[in-house]
Amino acid sequence: MDGDFRTEFVREPGALKHFPALVLNADYRPLSYYPLSLWPWQEAVKAAFLQRVDIVSEYDQVVHSPSMEFKIPSVVVLKDYVKPQKRVAFTRFNLFLRDEFCCQYCGARGDLTFDHVVPRAAGGITSWENVVAACSPCNLRKGSKSLRMAQMSLRKPPRAPAAEELRNMGRKFPPNHLHSSWMDFLYWDAELEA
């Protein structure tokens, strides 16, 4: 038997994976901007069927069960409000987001790592206040030296971001694909043009 037997039961096995639903909190704001709060179409249909969400917008694409037909949701709103986290987890991703995905020494983007401002060898700890995003050349140049010894300076002092600050920072980095039905909800508080 050649190929995967499961593909025999589906006309286009990968076709529906491209219909994610934007998930909004009960206040009509996305749960998160970066990464954007998206559910696969299967989760959105299930949540709608179980009446956990209200459907705000739908794709033209339809899915079928043996007895029902559903339009795939493109925007759903949770019926119950999910309180946003106040504490921001100290993760590599959140650190890069805080530093806007650029080196805090030279401003370069891409191929980032992180650097301890006060080197661990000199007693520096791994914390929001001592770790910054750095490109590989700057990280190698600084090594385990102090900023003064390396004759380098930071673009801005490192600090722990507030949860709301990080959410707003994430809005500056939209994903590669934004469906037109999502736009009113992603930039709902943007200044209107006169």
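The values are calculated or read from the model by the stated rules, or taken from the named source; none is laboratory data. These numbers were taken from a predicted model, which means no experiment stands behind them. Quick reminder, even Gly has a Cβ in these numbers, built from the backbone with ideal geometry, and neighbours come from all protein chains shown. To get the accessible areas, we keep the full protein, side chains included, count just its heavy atoms, and leave off ligands, DNA and RNA. Shrake-Rupley method; radii C 1.70, N 1.55, O 1.52, S 1.80 Å.
Of the residues making up region 158-185, just one is open to solvent by 50 Å² or more (accessible area, probe 1.4 Å) and modelled with pLDDT of 95 or more, namely 159. Kindly provide the set of residues from region 84-111 that are of a type in the set (Asp, Glu) and loosely packed, with under 15 Cβ neighbours inside 10 Å, ordered by number. Matches in region 84-111: 111 only. In region 112-125, the qualifying residues are those that are touching a residue at least 12 places away in the same chain (Cβ under 8 Å) and not in a strand (DSSP E or B), and the one that is most open to solvent (accessible area, probe 1.4 Å) is 120. Listed by first and then second residue, the pairs with beta-carbon distance under 7 Å, at least 6 apart or on different chains, first residue in region 22-34 and more than 13 Å from residue 80 (Cα to Cα), second among the polar types (S, T, N, Q) and in a strand (DSSP E or B), are 22/74.
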